[in-house]
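The values are calculated or read from the model by the stated rules, or taken from the named source; none is laboratory data. All values derive from a computational prediction rather than experimental measurement. Note that we place each Cβ from the backbone using ideal geometry, even for glycine, and neighbour counts take in every protein chain shown. Side chains included, ligands, DNA and RNA excluded: accessible areas come from the protein's heavy atoms. Shrake-Rupley method; radii C 1.70, N 1.55, O 1.52, S 1.80 Å.
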Amino acid sequence: LVETRKGRCGEWANCFTLYCRAFGYESRLVLDFTDHVWTECYSEALGRWMHLDPCEAIYDRPLLYEKGWGKKLNYVIAIAKDGVYDVTKRYTRKWNEVLSRRTITTESSVVSVLTSITKECRRNCTSQVLSILEEHDNIEREALERDLRSTDDAPISLPGRQSGDKQWRIARSEFGTDSLSSSSCTVRICCDEHVTKIYNAFSSILHKFVEDSLTASKGVEVLKILRATVVDLKKLPYKKRRASLKPNSIVGTSLVHQLLLSFKELLNALTLKSELDSNGIISVCLAGNPVQTALALPVALHALDELISDLSKCDNFSKGSLSFPLLRLNRICSGAVLASGEELPFGIATAAFDGTRMSKWEERNGAKANMQELVAYELMSANDAPERDPMDWVVEGSNDGGSSWHVLDDRRSEMFDKRFQRKTYNVKSAGFLSNMFRFRFLAVRDVKSTSQLQVGSIDLYAKQN
C-alpha cells in the first residue's frame with residue numbers, strides 16, 4: 001500500500017486506523033454491509049465520534065454515502081477493541097427505508113448479538129473502566145437518535161465517490177448524480193494558520209539581524225543553526241521532541257543567546273519553547289499539543305530553506321532589504337477551499353496551502369475570508385512532471401462572496417525552471433478589496449502531452465495595514 005499508493009478501501013481504513021491509534025486517538029473500523037470500510041475517531045473536543053474516510057479524504061460528513069454516493073444502506077457496524085456497535089443511524093436520514101432493507105435477522109437479534117460480543121470484549125475490564133464505557137454507550141445512543149432527526153446538514157452538497165476507476169464507480173451506482181465538476185468536489189476546510197504564523201515569525205529574526213548589524217552571510221549561518229535544530233526535532237518521537245541550539249565556529253554561543261528572544265515568535269508558531277540549563281546550553285522542547293508541532297515542523301523546514309536561499313542573494317543586507325519577498329508578511333489564511341477537481345487521496349485542494357513541498361494539489365481535468373487587498377501571491381512548482389506546471393492563469397477577486405469577479409492579475413507563458421521553485425507575482429490590478437479569491441488555470445506547460453495540472457503551493461499576501 002505504501003509503495004504503490006493504491007489499495008482497497010479496507011486496506012486504507014486499516015492503515016489509517018493504525019495511524020489514528022498510534023497518535024493516541026480512540027479509534028474504530030466501520031464496516032458498511034453494502035461494501036465499504038472507513039474509520040471513526042472519538043473527538044474529546046467535540047464530545048462525539050467523527051466520521052473519517054481515508055479513501056475519499058473526507059471527514060465528518062456521515063451522509064456522504066447516502067446523499068452523495070446514492071448508497072442504499074442497511075447495516076453499518078463499528079468495530080472497536082472494547083465492543084461492536086450498530087451506528088447505522090449516524091449515516092442515514094432515511095431510517096424507515098433503511099429498516100426495510102435490514103432483512104438478515106430481527107432487530108432484537110442484532111442488539112442481542114452485538115451486546116454479547118461487546119460483553120466478551122470487556123470481560124477483563126475493571127469496574128471503573130466498565131462504568132466509563134457504559135456512560136459513553138449511553139451518550140452515543142442519544143447522539144444517534146439526535147442525528148437521525150437532525151436537519152443541520154440538509155443543504156450540504158456532497159460528491160459521488162471519487163476514488164476508483166470511473167466505470168467501476170458507475171457500475172456500483174456510487175458515482176452520484178453529478179459528473180466530476182466543481183459541484184461534486186466537497187468544500188474543504190484548509191487549516192493553515194500555522195503556515196502564516198511561521199512566515200510572520202521570521203520578521204522578528206531578520207529585524208534583529210539588522211539591529212545587531214549582522215551581515216547576510218552571518219545571518220545565513222544563524223538560520224542554518226535553526227534549521228539543524230528543526231531537522232533534529234523532526235527525527236524524534238513526536239511526543240518527546242527535545243533538541244539543542246548548537247553554535248558553530250562562525251556563530252558563537254554568545255550570539256545565539258543574544259538572538260534567543262527574536263526566536264520566540266517562531267518557537268511559539270511551532271508550539272515549542274526554549275530552556276536554558278546551568279551549563280548555558282539552550283534546549284528547544286514541546287510547549288503544547290505535539291500534533292500541532294508535527295504539522296508545523298515540515299513547514300518551518302521548507303520556509304527556512306527558502307529564507308536561507310533568499311538571504312544568501314542579498315549583497316547589501318540592511319533595513320531596506322526587509323521587504324517582500326524576503327519577508328512574507330500577511331499571508332492570507334485560506335479558509336474554505338473549493339476546487340474544480342482533485343486527485344484522491346494525495347492531490348487534494350488543501351495541499352496547495354499547507355506550506356510544505358511534500359504535498360501538492362492535482363487536477364485530473366483541467367474561500368471566503370475578511371475583506372483583503374491582494375498585493376502579491378506566490379506559486380511553487382510541484383515535485384515532478386514539469387509538463388503539468390501552470391503556464392497561463394488569471395487571478396480574480398470578489399467582494400460579494402463570489403457573485404461577481406474582478407480580474408486582479410493575468411499571466412501568460414510563465415515557466416518554472418526547476419522543481420520546488422517558488423515564483424513571486426505582484427498583483428497588477430491593486431486596490432480592489434476582496435473576501436474571496438479565485439485562480440483560473442487556463443493552460444499547462446505542455447498541453448499536448450497531458451491534461452493534468454499540478455501546483456506545489458499557493459500563498460496569497462495582503463496589503464499591510
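What the table shows:
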| quantity | calculated |
| --- | --- |
| List Tyr42, Tyr199, ordered by accessible area with a 1.4 Å probe, largest first | Tyr42, Tyr199 |
| Protection proxy ranking of 66-73, 136-143, 99-106 - average other beta-carbon atoms within 10 Å, highest first | 66-73, 136-143, 99-106 |
| Under 12 Å from the Cα of Lys264 - aspartates and glutamates, other chains or at least 8 residues apart | Glu275 |
| Across Lys72/Lys94; Lys94/Lys166; Lys81/Lys234; Lys360/Lys418; Lys313/Lys360, pairs whose alpha-carbon gap is larger than 20 Å | Lys94/Lys166; Lys81/Lys234; Lys313/Lys360 |
| MRE, 222 nm, helices only [DSSP H, n ≥ 4, -39500 (n - 2.57), over the chain, to nearest 500] | -10500 deg cm²/dmol |
| At R0 = 41 Å, FRET efficiency that the Cβ-Cβ distance of Ser323 and Ile132 yields, to 0.05 | 0.15 |
| Kirkwood-based shape ratio for region 277-378, expressed as Rg/Rh from alpha carbons | 1.05 |
| Set of lysines with alpha-carbon distance to Lys463 below 22 Å, sequence-local pairs under 8 removed | Lys197, Lys319, Lys368, Lys423, Lys428 |
| Cα gyration tensor shape for region 351-465, rounded if a/c is under 1.5, else prolate or oblate | prolate |
| Rg in Å to one decimal, and Dmax rounded to a whole Å, for region 9-162 via C-alpha atoms | 15.4, 45 |
| Pairwise label distance in nanometres, Glu97 with Ala430, each label 7 Å out on the Cα-Cβ vector | 5.5 |
| Cα extents of the chain along the three principal axes, largest first (Å) | 81, 60, 41 |
| Accessible area of the chain belonging to carbon and sulfur atoms, whole % at 1.4 Å probe | 52 |
| Members of Lys218/Lys273; Lys6/Lys224; Lys224/Lys273 lying beyond 30 Å, as alpha-carbon distances in this model show | Lys6/Lys224 |
| At q = 0.11, 0.13 Å⁻¹, base-10 log of I(q)/I(0) for region 192-312 (Debye sum, equal scatterers on each alpha carbon) | -0.33, -0.46 |
| Pairwise FRET efficiency - Asn268 versus Ile117, Cβ, R0 = 41 Å, nearest 0.05 | 0.30 |
| Efficiency of FRET between Asp35 and Asp417 - r from beta-carbon atoms, R0 41 angstrom, step 0.05 | 0.30 |
